[in-house]
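Notes follow once the structure below has been shown.
The values are calculated or read from the model by the stated rules, or taken from the named source; none is laboratory data. Given the structure is predicted, the values throughout are model-derived calculations rather than measurements. No Cβ is skipped: glycine too gets one built from the backbone with ideal geometry, and neighbour counts run over all protein chains shown. Calculation scope for accessible area: heavy atoms of the full protein, side chains included, ligands and nucleic acids excluded. Shrake-Rupley method; radii C 1.70, N 1.55, O 1.52, S 1.80 Å.
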Amino acid sequence: MTQSNQSLFAEYAYLPDGWRRNVLLEWNADGMLTSVTPDSTPATAGMAYAAGPLMPGMPNLHSHAFQRAMAGLTEYRANATDTFWSWRDLMYRFAARISPEGLAAIAQWLYIEMLKAGYTSVCEFHYVHHAPDGTPYANPAELAQRVVDAAKQTGIGMTMLPVLYQYSGFGSREPRADQRRFINSPDGLLDLLGKLRDARAEDASLRYGVAPHSLRAVSADSLHAVLGGLDAMLPGAPVHIHIAEQTAEVDACLETEGARPVQWLLDRFNVDSRWCLVHATHVDAHETAALARSGAIAGLCLTTEANLGDGIFPAYEYLEASGRIGVDWRSELRLLEYGQRLSRRQRNVLASAQTSHVADRLYAAALEGGARATGRAVGALEAGRRADWIVLDAAHSSIAGHAPDSWLSGVVFCEHGESPVRDVYAGGEKLVDNRRHRDEEGAYAQYRVALADLLK
């Protein structure tokens, strides 16, 4: 990166204390911000100027890349009482067909779409590990490595979370035949992670952790084993887990383990800020307060939870208890607020005494929680963080003519026409320019080939 690439001047930028004017951003060759100075005067001839208001890129804290190719293919009634569980059967049949080359193409296209939407980091909850017959590849990290390489090619930052999946249900039930591509032991998963780290070392754009799939898919002993191995390899690395997504899961946990899932986990493990509890949809009042006290991130996936008919997270009570959330942005933030409006029959439910604009409060919370979930120095425009940001189109109808204090409201609550995200930078590199990713045409062609192969 040349010296002239290492600074950018923005008339407006969203800093930790809100919108500021005349902000000079400077970053080094490693893509890390070295200074962020508001109220500056551009003094360098030829200095680059942002094309509009600038704000931190959002982390996408929960991704299953291969499922991108399923979009729109399960929106029909396959069962008289369609639920998550009937959707899962269809997803398993789809996962059984994916090749390494197809997964790479699907992931690359997905990450380009994420970047264009304003995501600059992704936490990949990766659980398709083996060949279609369940046999490990010669390189057990074959598929995970393909996904890591797809992120590198597109430029998005990644937290790769190989998934431990052992059982088909509580009580260590034997795996189903259609789960054979997912199954690993703690030792097998740690070996996969070690080989992945040897082949693709961590750097400022790449972090590793683990993801026990869910309490129904691991045992207490295997969870202890994989966490101990992770801490020996990568002390303090992120840990993500699906939990309490459906009422059937809660009921099965109560029947088998004698406790609700979130409470069971909190009682037996040191759940703290390195943890991201994904979904956590069905938590009672005691669990809500206890989860907030733990410092863990509640990883909310509103469009997924709505699509699967999972339920509504008690966001108002959790935020009032100072709980930390991670939420993907725009439609996800909007749906988080709208779910609370529908259930409580009020408006602007998730505003606070300190922050009257719902979008501002939720965006700030999602940035902080999402950054913690990645385990990477992202989520804010300040020295020592990754040089990740998006540039809004100042002429977009959602914000044009508005005062800065309503820009986030316009971006989150208005969904008209093309995206307001104009440009996207990650690690100081401009990856999306005027809504086009540098590799868009070729990546889309490869995605279409992969999709045709899956659907034939």
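The set of residues from the range 228-245 being on the phi < 0 side of the Ramachandran plot and either among the basic types (Lys, Arg) or surrounded by 21 or more Cβ atoms within 10 Å (Cβ to Cβ) (or both) comprises Leu230, Pro238, Val239, His240, Ile241, His242, Ile243, Glu245. The set of residues from the range 385-412 being among the hydrophobic types (A, V, I, L, M, F, W, C), open to solvent by 20 Å² or more (accessible area, probe 1.4 Å) and in contact with a Phe, Trp or Tyr (Cβ under 9 Å, 6 or more places away or on another chain) comprises Ala394, Trp407.
Quick check on Glu382: is it open to solvent by 10 Å² or more (accessible area, probe 1.4 Å) and within 18 Å of Lys116 (Cβ to Cβ)? No: the conditions fail for Glu382.
Scanning the range 293-318 for residues that are open to solvent by less than 20 Å² (accessible area, probe 1.4 Å), modelled with pLDDT of 95 or more and farther than 16 Å from Ala373 by Cβ yields one hit, Ala315. Within the range 324-345, identify whether any single residue is closer than 29 Å to Gly157 by Cβ, surrounded by fewer than 20 Cβ atoms within 10 Å (Cβ to Cβ), over 16 Å from the mean Cα position of the chain (by Cα) and in contact (Cβ under 8 Å) with a residue 40 or more places away in the chain, and answer yes or no. No, the range 324-345 contains no residue that is closer than 29 Å to Gly157 by Cβ, surrounded by fewer than 20 Cβ atoms within 10 Å (Cβ to Cβ), over 16 Å from the mean Cα position of the chain (by Cα) and in contact (Cβ under 8 Å) with a residue 40 or more places away in the chain.
Restricting attention to the range 342-351, does a residue exist that is more than 26 Å from Pro56 (Cα to Cα), of a type in the set (A, V, I, L, M, F, W, C) and assigned to a loop (DSSP other than H, G, I, E, B)? Scanning the range 342-351, I find no residue that is more than 26 Å from Pro56 (Cα to Cα), of a type in the set (A, V, I, L, M, F, W, C) and assigned to a loop (DSSP other than H, G, I, E, B), so the answer is no. Of all the criteria given as (1) open to solvent by 20 Å² or more (accessible area, probe 1.4 Å); (2) hydroxyl-bearing (Ser, Thr, Tyr); (3) in contact with a strand residue (DSSP E or B) (Cβ under 6 Å, 6 or more places away or on another chain), the one not satisfied by Ser99 is (3). The strands (runs of 3 or more DSSP E) found wholly in the range 1-70 and carrying at least 3 residues that are hydrophobic (A, V, I, L, M, F, W, C) occupy 7-15, 18-27.
Of everything listed in (1) over 30 Å from Asp393 (Cβ atoms); (2) in contact (Cβ under 8 Å) with a residue 24 or more places away in the chain; (3) of a type in the set (Ser, Thr, Tyr), the single unmet condition for Thr135 is (2).
Residue pairs whose Cβ atoms lie under 6 Å apart, sitting 6 or more positions apart in sequence or on different chains, and linking a residue in the range 375-387 that is over 20 Å from Gly18 (Cβ atoms) to a partner that is at pLDDT 95 or above and of a type in the set (S, T, N, Q), are Gly375/Thr159. Out of curiosity, is Arg372 assigned to a helix (DSSP H, G or I), open to solvent by 40 Å² or more (accessible area, probe 1.4 Å) and either touching a residue at least 12 places away in the same chain (Cβ under 8 Å) or out of contact with any helix residue (DSSP H, G or I) (no Cβ under 8 Å at 6 or more places or on another chain) (or both)? Here the answer is yes, as Arg372 does meet what is asked. Any chance the range 110-127 includes a residue that's open to solvent by less than 40 Å² (accessible area, probe 1.4 Å) and more than 16 Å from the chain's Cα centre (by Cα)? No, that holds for no residue. Does the range 147-180 hold any residues that are open to solvent by 60 Å² or more (accessible area, probe 1.4 Å) and either under 30 Å from Ala371 (Cβ atoms) or touching a Gly at 6+ places or on another chain (Cβ under 8 Å) (or both), and which are they? Listed by number, the residues that qualify are Lys152, Gln153, Arg180.
Screening Ala225 with (1) under 21 Å from Ser168 (Cα atoms); (2) open to solvent by less than 10 Å² (accessible area, probe 1.4 Å); (3) among the small types (Gly, Ala, Ser); (4) touching a helix residue (DSSP H, G or I) at 6+ places or on another chain (Cβ under 6 Å) gives one miss only, at (2).
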